[in-house]
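Working notes for the structure below.
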Amino acid sequence: MMGDKVRVRQSYAERAFEYVAALGDVDSMDPLDVNLITDWGMNIHGPLLDAGSGPGHWTELLRSLGCDVTGLDIVPEFIDSARQRFPLATFETGNLLDMPFESSRFDGILAWYSLIHMTPKERRAALREFSRVLKPKGTLLIGAFLGQQGVSFNHAITEAFYWSEAGLVTYLESAGFQVISVDTRDSEGRRPHISVLARLP
């Protein structure tokens with residue numbers, strides 16, 4: 001697990017500037033994703049966590065909507081860049097498998113493509129950690145690549161893994177979540193997408 005975490009951190013650190021330039025702005029995102037995340041954030045009244053915030057654009061979007069949101073990422077270069085680009089937003093460096101937050105702190109967690117590089121064991125650990133820091137009835141919104149469960153592919157930065165719809169739902173339920181909705185999308189020129197909204201009972 002440690003080796004995978006180090007690999008991901010180093011791979012993104014080496015290309016952080018390039019990644020931010022290409023994908024570090026909400027205007028570069030799919031409008032459907034922007035609308036989904038906006039609607040989700042506007043319906044939560046309490047602290048939010050952008051888990052795996054990367055360049056920080058989703059954190060900034062939620063902050064601009066009036067949300068009390070914290071961005072968390074394992075890559076210091078992303079955090080430094082996000083703090084410079086979005087000085088009104090809050091960002092912290094940390095590992096999704098062992099987050100620096102007390103239990104039941106957040107009313108909502110956004111994990112938008114932040115679990116795609118994790119092995120099955122790491123995925124389970126991350127979802128357990130999400131359930132720990134969420135308040136009862138808190139919601140989790142996940143976005144990921146849709147495909148055959150656990151199959152790896154050559155992501156532009158480093159090895160990534162697909163989720164299947166059944167696989168993601170099963171993982172969430174095993175971590176104590178209740179799935180509210182599932183959305184899948186297959187756009188030309190892009191890998192198939194899945195997003196799931198779930199809630200702690």
- Neighbours of Thr139 by Cβ distance under 11 Å: Lys/Arg at +1, Asp/Glu at -1, summed charge +2
- Query: Calculated from DSSP H runs of 4 or more alone, at -39500 (n - 2.57) each and per residue, what is the 222 nm mean residue ellipticity of the chain, nearest 500?
  - Reply: -11000 deg cm²/dmol
- Averaged per residue, what accessible surface does the chain expose to a 1.4 Å probe, in Å²? 46 Å²
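Could you look at the chain and say what percent of its accessible area is carbon and sulfur, using a 1.4 Å probe and all protein chains?
Summing carbon and sulfur atoms, their accessible area is 49 percent of the total for the chain.
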- Message: Among Val151, Ile74, Ser174, which residue has its Cα furthest toward the positive end of the charge dipole of the chain, with +1 on Lys/Arg Cβ and -1 on Asp/Glu Cβ?
- Response: Ser174
- Rounded, prolate or oblate (a/c below 1.5 giving rounded, otherwise prolate when a/b exceeds b/c) for the chain by Cα gyration tensor: rounded
- Message: Quick check: Cα centre of the range 50-117 to Cα centre of the range 130-181, how many Å?
- Response: 17 Å
- Query: Given +1 on the Cβ of Lys and Arg, -1 on the Cβ of Asp and Glu, and no further charges, what dipole in debye does the chain carry about its Cα centre, rounded to the nearest 20?
  - Reply: 540 debye
- Going residue by residue through the range 88-95, the Karplus relation 6.51 cos²θ - 1.76 cosθ + 1.60 with θ = phi - 60° gives ³J(HN,Hα) values, rounded to whole Hz and with x marking Gly or Pro, of 8, 8, 10, 9, 9, 8, x, 9
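The values are calculated or read from the model by the stated rules, or taken from the named source; none is laboratory data. Model, not experiment: these values are computed from the prediction. Note that each Cβ is placed from the backbone with ideal geometry, even for glycine, and that neighbours are counted across all protein chains shown. These accessible areas exclude ligands, DNA and RNA; they are computed on the full protein's heavy atoms, side chains included. Shrake-Rupley method; radii C 1.70, N 1.55, O 1.52, S 1.80 Å.
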